[in-house]
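What follows is a short report on a single structure.
The values are calculated or read from the model by the stated rules, or taken from the named source; none is laboratory data. Quick caveat: nothing in here was measured; it's all calculated off a predicted structure. Glycine gets a Cβ as well: all are built from the backbone with ideal geometry, and neighbour counts include every protein chain shown.
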Amino acid sequence: MSLEPLHFEASLESSLSPEDLWPLVADTQRLNRSIGLPVAHFEFTPREDGGSVPTGTYRQLGFTISRWREHPFEFVKPYQYSVLREYEVGPFTRVHGGTQLIPREGRTTVRVWADITPRHVLGVLAARLLVGPQSTSRVLTRCRRYESELLKQRGGATGAEAPSVQAQMAVFAGPAPDVKDERRLEQLTAELVRVGGDPEISGLLKAHLAKAPDDRVSSMRAFELADLWGQDRRATLASFLRATTVGLLEMRWDVLCPVCRVPKESVGTLAEMTGQAHCESCAVTFDASFDRLVEVRFRPATAIRDAVEGVFCIGGPQNTPHVIAQTELPAGESRTWELRLPAGQYRLRSPQSGASLIEVGERPGDQASAVAVEPLRMVPPLLRLAGEQVALEIESHLEAPAVVALEEQSWADTAATAALVSTMAEFRDLFSSEVLAPGLQVAIQRLALLFTDLSGSTAMYERIGQARAFRLVQDHFRVLDPAIRGHNGSMVKTIGDAVMAVFPSTKDAVGCALQMQCGIRELGAAEGVDPTHLLKVGIHSGACLAVTLNDKLDYFGTAVNIAARTEHECYGGEIMITAEGWGEEGVEELLTAAAERVEPTKAMLRGITEPVRLFRIIGVKCPD
């Protein structure tokens, strides 16, 4: 028979805001490791009504010393979280604890608490001497150090903006990393610079590999480190790709769950991908789309150092930073969240019910701010709210508990997705063997596609002779390639005199097209060839499929066909762009400023049943 719960609590006053403190206190994965908790092992049992139930265990010397059912974390970002564990094995029967960040007159009270119910007398001793202090006062020790480090970064100014990652690294720093061969690290860094890696980025990477803790190097995202170091993102990614070729880093492709956005599968090459993955914690199987769910990450080469990161917490708020609030709602009960939501779109979701779209804007919204959780749906399916301060009531009409989460609809832009990486010339240069498994087709929701061709090339060969025409064609390729690379694109293939290229955005493709047209004019063309009316360029943006064709990564689908047919509608010296590309941010302004004339038109493209709206760019204005 279990004993009465023991209550532990500690608090402090901080000059930091809840928004400042949240990245630290909500990072339960790192907090649990830093306060001395052991590595946890989790298994998931699917629920019949959706989702799963996680069971965690602590093991030592092959024996299970503790096993528990973990309830979902309950939290409202950035003010509070708590978690309940119910134990089958171990010194306790129940542990319920959490943290509150309470703003008060420009300061924040940090309250950390835990209610521990011992199973027996040994459980009382373990709670009083070990677990209670670990889960309260040790957390506050890290808060004090974090405040000191962050204020040091800011020069003592509490209101200034500064990244918290460096302060977190100082707080969570463990033993010095075990670099196997520092001399080899030095040599490979020098080799990285020799093969084209940015010298400053290479030096920063070397220091990171030598000093950062395991959890900061075991799954590195190039864009996040670029932001931390104040470097260009694509230059950092390019240097990381080159670091892989010299043996400094290892590259992995992570497949993310579309619900929790946590990596669920990791493969060494694209050819190892199966096209589908399964998330045990969300109990969903999903297709691995290239532009959101597959991203490249890096870790140190094993010859440099071993970076091992165990699981210390499975469901903390920072594990899923896109989730703003979450609760386990008992059957027939309700919760009210006091939230601060910037204008935008959000999704209220429950695996036991359905989802409701919530739009927050400046204009007046719905009078009601309540959502009912019903079998198979949420009511209303769309809720419009006004203002940043929102009180959202959620009421359960179910007969069993339901997990309800409010999520940001937008995805962070710090992921180097497979769709983006495949548009990089450096990737295609260095990893030409990176292809998908035969027959596998992976969806890309949006990609900018550019096709070029030479106007009247057949007649030109006859008019000026094959040798001179061939030389002109080769010269024109030397104009096109740097234009593509200089605008974050990659040449997929050449088809005779034609080129197919891909870009992460339509604006990049348009900038490339303008440079192409201006560069062609500078060619020393043969007599009888007018370079101002030589090159045709077509641009379209849309969904497509990544495939392997002729042992290379290629693209297939209606969007590719439209882009190719759009180029066919051009005359020499023109750029033709579809309405889908024209409508992207910044494109209309860029083309309008660069063109002598823009002509909207429509055309029936071969293989497309409906007329396609196009914009013809005539007379590109080139700089003197």
Note to self: Of everything in segment 26-51, what is part of a loop (DSSP other than H, G, I, E, B) and either surrounded by 14 or more Cβ atoms within 10 Å (Cβ to Cβ) or at negative phi (or both)? Give them in sequence order.
What the structure shows: Ala26, Asp27, Ile35, Leu37, Pro38, Val39, Arg47, Glu48, Asp49, Gly50, Gly51
Margin query: Please verify whether Arg183 is basic (Lys, Arg) and modelled with pLDDT of 95 or more, treating the condition exactly as stated.
Written below: no
Margin query: Give all pairs with beta carbons closer than 9 Å in which a residue from segment 456-475 that is modelled with pLDDT of 70 or more meets a residue that is assigned to a helix (DSSP H, G or I) and of a type in the set (S, T, N, Q); count only pairs at least 6 apart in sequence or on separate chains.
Written below: Ala469/Ser457; Val473/Ser457
Note to self: Considering only segment 111-127, I want to know if a residue exists there that is at pLDDT below 90, farther than 18 Å from Pro317 by Cβ and surrounded by fewer than 18 Cβ atoms within 10 Å (Cβ to Cβ).
What the structure shows: no
Notebook entry, point to check: Which condition does Val193 not pass, out of (1) within 27 Å of Arg292 (Cα to Cα); (2) in contact with a Pro (Cβ under 8 Å, 6 or more places away or on another chain), if it passes all the others?
Noted result: (1)
Check: If you take the residues in segment 128-148 that are surrounded by fewer than 18 Cβ atoms within 10 Å (Cβ to Cβ) and farther than 15 Å from Leu31 by Cβ, which one is nearest to the chain's Cα centre (by Cα)?
Finding: Ser148
Note to self: On the basis of being farther than 22 Å from Val308 by Cα and at pLDDT below 95, does Leu237 make the cut?
What the structure shows: no
Checklist line | segment 299-325, residues that are within 14 Å of Asp214 (Cβ to Cβ) and part of a strand (DSSP E or B) | finding: Arg299, Pro300, Arg305
Checklist line | Cβ-Cβ under 8 Å pairs, at least 6 apart or on other chains, segment 107-119 side assigned by TED's automatic domain parsing to the domain that holds Arg138 and within 14 Å of Leu16 (Cβ to Cβ), far side acidic (Asp, Glu) and surrounded by fewer than 17 Cβ atoms within 10 Å (Cβ to Cβ) | finding: Arg107/Glu13; Thr108/Glu13; Thr109/Glu13; Val110/Glu13
Check: Can you tell which of Leu3, Leu16 is farther than 20 Å from Gln318 by Cβ, of a type in the set (A, V, I, L, M, F, W, C) and surrounded by 14 or more Cβ atoms within 10 Å (Cβ to Cβ)?
Finding: Leu3
Notebook entry, point to check: Restricting attention to segment 243-276, which residues are touching a residue at least 24 places away in the same chain (Cβ under 8 Å), part of a loop (DSSP other than H, G, I, E, B) and either closer than 13 Å to Ala301 by Cβ or of a type in the set (A, V, I, L, M) (or both)?
Noted result: Val246, Gly247, Leu248, Val259, Val262, Met273
Next item on the list: Identify the single condition in (1) at pLDDT below 95; (2) surrounded by 14 or more Cβ atoms within 10 Å (Cβ to Cβ) that Thr274 does not satisfy, given that it satisfies every other one.
Entry: (2)
Notebook entry, point to check: Looking at this structure, is Val620 within 30 Å of Arg292 (Cβ to Cβ) and buried (at least 19 other Cβ atoms within 10 Å of the Cβ)?
Noted result: no
Next item on the list: Working carefully through the options Leu406, Leu420, find the one that is touching a strand residue (DSSP E or B) at 6+ places or on another chain (Cβ under 8 Å) and crowded, with 21+ Cβ neighbours inside 10 Å.
Entry: Leu406
Item checked: Filter result for the condition that a residue is buried (at least 18 other Cβ atoms within 10 Å of the Cβ), small (Gly, Ala, Ser) and out of contact with any strand residue (DSSP E or B) (no Cβ under 6 Å at 6 or more places or on another chain), over Ala210, Ala226, Ala235 -> Ala226
Next item on the list: Assess whether Pro23 counts as being more than 21 Å from Gly132 (Cα to Cα) and in a loop (DSSP other than H, G, I, E, B).
Entry: no
Checklist line | Those strands (runs of 3 or more DSSP E) lying entirely in segment 69-127 with at least 2 residues among the polar types (S, T, N, Q) | finding: 80-89, 92-104, 107-118
